[in-house]
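Colleague: Got a structure here, written out as structure tokens. Questions coming.
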Amino acid sequence: MGNMIPTSVSFKLPDGKNVTIETGKLASQANGSAMVRVEDTMILATVVASKEIREGQDFFPLSVDYQEKFASAGKIPGNFFRRESRLSEYEILISRLVDRAIRPLFADEFLNETQVILTLISGDQRNMPDCYAALAASAAFAVSDIPFQGPISEVRVAKIDGKYVVNPERDTLLSATLDIIVAATAKDVMMVEGQAKECQEDELIEAIKIGHDAIKVQIDAQLQLASLVGEKAAVKREVPVAEIDEELKSEIEAFAKAKIYEIAKGGLDKGTRKAGFDAIAKELKEILVAKYGEEDFKENKAVNFSAYFGSLKKKTIREVVLNEAIRLDGRKYDEIRPIWCEVDYLPSAHGSSIFTRGETQALTSMTLGAPTDAMLIDNALDHYNEKFILHYNFPAFSVGEARPNRGPGRREVGHANLAARSLRQVLPEGNPYTIRIVSDILESNGSSSMATVCAGTLALMDGGIKIKAPVSGIAMGMIAEGGKIAILSDILGDEDALGDMDFKVTGTHKGITGCQMDIKIDGLPYEQLEKALEQAKAGRIHILNEMAKSLSETREDLKPHAPRMIEVVIDKAFIGAIIGPGGKIIQEMQARTGAIISIEEVGNTGVINITSSNKDAIDEVLNDIKRITFIPTIGDEYDAVVESLMAFGAFVKFNGKSGLIHVSELDHRRIENVSDVLKEGDNVRVKYIGDDPKTGKMRLSRKALMPRPERN
């Protein structure tokens, strides 16, 4: 690409906004590079694939990294080093969206290490860059010599004010009732991920169709760009065609197929099933080593043996499912594994639950915190406090393995995000708490992310958070071959890799709140997708009914040891008085009561949150705030304390306010000396009669509350 002349093509979004794809100007030493621009948002994509396959490598090492440069938004990073560091969770999620869309489009034989780097080099506050990242990546592949079976693209489709909008602007997304990202080739939808406010299945399908139509326009633009680039894009690297050892393949099938078939239809549990398959492979391997000799088998047969045995196992299990209508664990297609739940399991947590479905188990806790416990999100284009946090942990013991804990990987981040998006749709409006949910997966054999959604719902309800409705989640699969189709509800871990489509749907009795689909089948008819979503709905409602057996409604109150939070709205003018000089007053209140107090300016008001597990402490702070923000009303009466005496009257204090009782307002009779009537520290009942026009001080009267003396 070094001598390439800059080339560009443009297309319009359905709303008329112009999008440009350019290549040849930037990063010309990469195998392929493209820059996508929409208004002031610019994403640079580079793709590089190594020339040689690493010796002994038997997998495809593809990496996708999306990063937003802070300079793209005119910002300096807020961390200690003042430079971009590891990817944020948001960047990881965008990387995953692109990865999942492009990974299936490489030949099985292409094992060259491939790296996709996507960089936001300019950003604006209108356009969401996440829905242009895959377009940039695919365009870079289109103008490269890398054998990518694209092009593809991704778009966001949102339903706003009842209308479907492709790639809507950031501010309009706040009112969206459905928000998904769709990835597709010109022919097939490949991936869908998103959230909704209890949408219906037909709304989701309609959004996918609209997204696919928009993607076809973007694919045409990429093909046009590749044709303008010419030979450099047209001539792709040759992919080595694996030589098939027909003899070995036949030997494996002759020995193993019937045995695999028997285990696959035996309805065995995960451990027994795995042991059975391993025993077949071990026995067959010993026979082949004896036949070919250990050295010859190791050098010429071992790699193919593993691949052929794995392929035969997958093919045979699919046949059992389609021909016998029996799944690996003996269930029917639409049958959900047994479920049991328990709430209030952790006595010290603010809410907790166990959700167990088959061999998948999530132990989930909920913790309530003050607004000051919120998580700061500081990205290039976003700066805000997130008050709903969900963390998902997947330790090795959950699948019977031993490996070091290295912190959450991209998979964990993705699963947590799907569960968080699903539950966020039902949180109560104006929720004052920072809520953290932690889901620890203790056992796993099929969709622990959906178990997290179910357990998270129960933990919220157990903790007294008034969610709009319970949410459950289900993982679905589909196997299609030779005109036969099997739609599988609540798939096992082993079934995840078998199918042509796997998807997860979360929602309430009323509708869908989240979804994540990976479609690996060419030309999936929308009718089949509709049928699969309807079967998922039935499964989702079944799971909700099982959850209701342990807790059907949100608890009336928080746990006794949970922090209580009161929200008080005051006039903006009082914020300074409550904080005090250098924070003196608010700090003194917190030190004295032990409560956590936060103040946020919202328009013309101040929103104060008081958090404490001690009700008396909250009441004490409330009294302090009422005193500081108290505004007397003319004509009202108050109990006051005399602060000081003057010749012209007495200064008194009440409810944090001070005013003057003029000597003429002390009594109906004439008073010569104020000290004849009052002394400092006296309690006196007064009436607020107005303000002094000169000083603005409150005028108070003692006389107005005394009976007028009778005339002689």
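Colleague: Only Cα pairs under 8 Å and at least 6 apart count here; give the relative contact order of the stretch 339-548 as a rounded whole percent. Can you show the working numbers first?
Modeller: Details: 458 pairs, mean separation 44.4, N = 210.
Here the relative contact order equals 21 percent.
Colleague: Which GluC sites (Glu not before Pro) from the stretch 388-439 combine a DSSP loop assignment with at most 13 other Cβ atoms within 10 Å?
Modeller: Glu401, Glu429
Colleague: Follow-up. Per residue Cα convex hull volume for the stretch 66-171, in cubic angstrom?
Modeller: 130
Colleague: If a/c stays under 1.5 just call it rounded; otherwise compare a/b with b/c (prolate if a/b is bigger, oblate if not). Do that for the stretch 172-249, with a ≥ b ≥ c from the square roots of the Cα gyration tensor eigenvalues.
Modeller: oblate
Colleague: Could I ask something else about it? With the contact rule set at Cα under 8 Å and sequence spacing of 6 or more, what percent relative contact order holds for the chain?
Modeller: 9
Colleague: Separate question: Mind checking the stretch 46-150 for chymotrypsin sites (Phe, Trp or Tyr not before Pro) that DSSP puts in a loop (not H, G, I, E or B) and that have at most 14 other Cβ atoms within 10 Å?
Modeller: Phe59, Phe80, Phe81
Colleague: Provide, in order from the shortest bin, the percent of all Cα-Cα pairs of the stretch 297-341 in each 10 Å bin, continuing until the bin that contains the maximum pair distance.
Modeller: Reading upward from the zero bin: 23, 31, 23, 16, 6, 0.
Colleague: Dipole of the chain (Lys/Arg Cβ +1, Asp/Glu Cβ -1, origin at the Cα centre): which of Ser353, Met589, Ser95 lies farthest to the positive side?
Modeller: Projecting each Cα onto the dipole axis, the largest value belongs to Met589.
Colleague: From zero outward in steps of 5 Å, how is the percent of C-alpha pairs of the stretch 339-548 spread across the bins?
Modeller: 1, 7, 15, 19, 19, 15, 11, 8, 3, 1, 0, 0
Colleague: I need the shape label for the stretch 209-340. Rule: rounded when a/c is under 1.5, else prolate if a/b > b/c, else oblate, with a, b, c from the alpha carbon gyration tensor. All intermediate terms of the calculation are to be shown ahead of the outcome.
Modeller: Details: a/c = 3.55, a/b = 1.34, b/c = 2.65.
Since a/c reaches 1.5 but b/c is at least a/b, the shape of the stretch 209-340 is classed as oblate.
Colleague: Students often forget the sequence filter, so: which lysines lie under 18 Å Cα-Cα from Lys679 once same-chain residues fewer than 8 apart are removed?
Modeller: Straight-distance partners of Lys679: Lys653, Lys703.
Colleague: Turning to a different aspect of this structure: Of Lys12/Lys504; Lys17/Lys232; Lys17/Lys187; Lys209/Lys520; Lys236/Lys520, which sit over 27 Å apart, Cα to Cα?
Modeller: Details: Lys12/Lys504 32 Å; Lys17/Lys232 30 Å; Lys17/Lys187 24 Å; Lys209/Lys520 17 Å; Lys236/Lys520 24 Å.
Pairs exceeding 27 Å: Lys12/Lys504; Lys17/Lys232.
Colleague: With a 10 Å radius around each residue's Cβ, average the other Cβ atoms per peptide and rank 473-481, 447-455, 151-159, highest first.
Modeller: Result, highest mean first: 447-455, 151-159, 473-481.
Colleague: Between rounded, prolate and oblate, where does the stretch 637-705 land on the alpha carbon gyration tensor, with a ≥ b ≥ c its root eigenvalues, rounded for a/c under 1.5, else prolate if a/b exceeds b/c? Intermediate values should be presented prior to the final figure.
Modeller: Working: a/c = 1.38, a/b = 1.18, b/c = 1.18.
It is rounded, given that a/c, with a ≥ b ≥ c, falls under 1.5.
Colleague: Given contacts defined as C-alpha pairs under 8 Å and at least six residues apart, what's the relative contact order of the stretch 292-416, whole-number percent?
Modeller: In percent, rounded to a whole number, it is 10.
Colleague: Let me ask you something else. By DSSP, what percent of the beta bridges with both residues in the chain are antiparallel, rounded to the nearest 5?
Modeller: 90
Colleague: Moving on. Report the extension gain between Ile5 and Glu55 in nm, rounded to one decimal, defined as 0.36 nm multiplied by the number of residues separating them, less their alpha carbon distance.
Modeller: The span from Ile5 to Glu55 would gain 14.3 nm if fully extended.
Colleague: Quick one: the Cα spread of the chain along its three principal axes, in angstroms, biggest first?
Modeller: The principal-axis extents, from largest down, are 133, 62, 46 Å.
Colleague: If you don't mind, another one. Work out the P(r) tail for the stretch 246-324: percent of alpha carbon pairs separated by more than 15 Å, whole number.
Modeller: Looking at the stretch 246-324, the distances longer than 15 Å represent 55 percent of pairs.
Colleague: On to the next question. Taking the Cα centre as origin and putting +1 on Lys and Arg beta-carbons and -1 on Asp and Glu beta-carbons, what dipole magnitude results for the stretch 559-654, to the nearest 20 debye? Let's see the in-between values first.
Modeller: Working: 9 positive and 13 negative charges, 61 e Å.
Value, rounded to 20: 300 debye.
Colleague: Under a cut-off of 22 Å between alpha-carbon atoms, report the lysines in cross-link reach of Lys265, not counting same-chain residues fewer than 8 places apart.
Modeller: Excluding near neighbours in sequence, the set is Lys257, Lys274, Lys282, Lys313, Lys314, Lys315, Lys332, Lys484.
Colleague: Given a Förster distance of 35 Å, report the FRET efficiency between Ala402 and Glu299 from their Cβ-Cβ distance, rounded to the nearest 0.05.
Modeller: Between Ala402 and Glu299 the formula returns 0.70.
Colleague: Straight-line reach from Lys387: which aspartates and glutamates fall under 18 Å, measuring Cα to Cα and dropping same-chain residues less than 8 apart?
Modeller: Output for Lys387: Glu89, Asp373, Asp378, Glu429, Glu567, Glu600, Glu601.
Colleague: In which sequence would Val48, Val182, Val189 go, from the one with the fewest C-beta neighbours within 10 Å to the one with the most? Let's see the in-between values first.
Modeller: Working: Val48 19, Val182 27, Val189 22.
Lowest count first: Val48, Val189, Val182.
Colleague: Expected output is a single nm value to one decimal: the length gained when fully extending between Ser675 and Leu174, i.e. 0.36 nm times separation in residues minus the C-alpha distance. What is it?
Modeller: Extending this stretch completely gives an extra 173.8 nm.
Colleague: Moving on. Order these by the 10 Å Cβ neighbour count, fewest first: Arg237, Arg555.
Modeller: Arg237, Arg555
Colleague: Out of the stretch 252-347, which trypsin sites (Lys or Arg not before Pro) are coil in DSSP terms and have no more than 11 other C-beta atoms within 10 Å?
Modeller: Lys332
Colleague: List the pairs from Lys249/Lys301; Lys468/Lys559; Lys75/Lys572 whose alpha-carbon separation is above 22 Å, in the order I gave them.
Modeller: Violating the 22 Å limit, Cα to Cα: Lys75/Lys572.
Colleague: Let me ask another. Using only DSSP helix segments of four residues or longer, with each worth -39500 (n - 2.57), what per-residue ellipticity at 222 nm results for the chain after dividing by its residue count and rounding to 500?
Modeller: Result for the chain, helices only: -9500 deg cm²/dmol.
Colleague: For the pair Ala279/Thr372, report the inter-label distance in nm, with labels modelled 7 Å from Cα in the Cβ direction.
Modeller: 6.2
Colleague: If packing is taken as the mean number of other Cβ atoms within 10 Å per residue, what is the order of 36-45, 636-645, highest first?
Modeller: The packing order, highest mean first, is 36-45, 636-645.
Colleague: May I ask you to compute the full-extension gain from Arg627 to Glu113, defined as 0.36 nm times their residue separation minus their alpha-carbon distance, rounded to one decimal in nm?
Modeller: 178.2 nm
Each reported figure results from applying straightforward, stated rules to the coordinates on display, with no laboratory input. Just so you know, these numbers come straight off a predicted model, no measurement behind them. Backbone-built Cβ (ideal geometry, glycine too); neighbour counts: all protein chains shown.
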